[in-house]
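What follows is one structure encoded as structure tokens, with my remarks underneath.
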Amino acid sequence: MAEEAKLPPQVQERLLRLQQLQQTLQNVLIQKQQLELELTDVEQALSELEKLSDDAVVYKSVGMLLIKSDRAKVTNELNERKELISMRISVLGRQEERLRSQAKDLQQKLQQYLRSVPSA
């Protein structure tokens with residue numbers, strides 16, 4: 001911390017901003033990974049539903065219950081869920097790119113500053 005106190009306020013702000021960007025990026029990556037896992041589950045469920053006959057008995061999970069449901073209705077719900085998840089993954093991907101770019105820019109500015117400061 002003693003070294004941070006010696007840094008100019010502008011550099012301290014950039015360091016803080018970089019830390020915030022890295023934390024936000026980490027959160028985005030976690031959300032994206034969770035959604036990708038959910039997408040895989042939805043795709044597997046859809047794949048299994050395709051193997052069933054139209055008159056097959058299908059149950060869906062609602063909370064802690066399994067409810068008898070129509071195959072077409074469940075397939076529709078899963079396809080909608082898949083589309084929503086895919087859109088959210090896409091949005092998080094763009095956010096990830098933007099955060100990575102901002103972090104890279106800040107790192108470069110900080111490195112330029114550190115190169116320009118004579119060693120003590």
Worksheet item: Is it true that some residue in the range 49-71 is among the hydrophobic types (A, V, I, L, M, F, W, C), under 18 Å from the mean Cα position of the chain (by Cα) and surrounded by 10 or more Cβ atoms within 10 Å (Cβ to Cβ)?
Response: no
Fill in: Conditions (1) of a type in the set (S, T, N, Q); (2) surrounded by fewer than 15 Cβ atoms within 10 Å (Cβ to Cβ); (3) farther than 30 Å from L15 by Cβ; number of the one not met by T75
(2)
Practice prompt. Inspect the range 67-74 for any residue being assigned to a helix (DSSP H, G or I) and within 29 Å of I30 (Cβ to Cβ) and give the result as yes or no.
Written response: yes
Worksheet item: How many residues are closer than 30 Å to Q20 by Cβ and of a type in the set (K, R) if we restrict to the range 65-120?
Response: 7
Worksheet, complete the sentence: Being basic (K, R) and without any contact (Cβ under 8 Å) to a residue 40 or more places away in the chain narrows K68, K32 down to just K68
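Do we have V42 as over 30 Å from Q111 (Cα atoms), in a helix (DSSP H, G or I) and touching a residue at least 24 places away in the same chain (Cβ under 8 Å) here?
yes
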Item to complete: Spot the failing condition for S86; the list is (1) over 16 Å from the mean Cα position of the chain (by Cα); (2) among the polar types (S, T, N, Q); (3) more than 13 Å from L25 (Cβ to Cβ), and only one is missed.
Response: (1)
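Checking the condition assigned to a helix (DSSP H, G or I) and within 17 Å of the chain's Cα centre (by Cα), which residue from L99, L110, L114 passes?
L99
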Fill in: Qualifying residues in the range 106-120 (those that are under 15 Å from E13 (Cα atoms) and either surrounded by 13 or more Cβ atoms within 10 Å (Cβ to Cβ) or of a type in the set (K, R) (or both)) - the one modelled with the lowest pLDDT
Y113
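The values are calculated or read from the model by the stated rules, or taken from the named source; none is laboratory data. Worth saying up front: this structure is predicted, and the values here are computed from it rather than measured. When we count neighbours, we look across all protein chains shown, and the Cβ atoms used for this are built from the backbone with ideal geometry, even at glycine.
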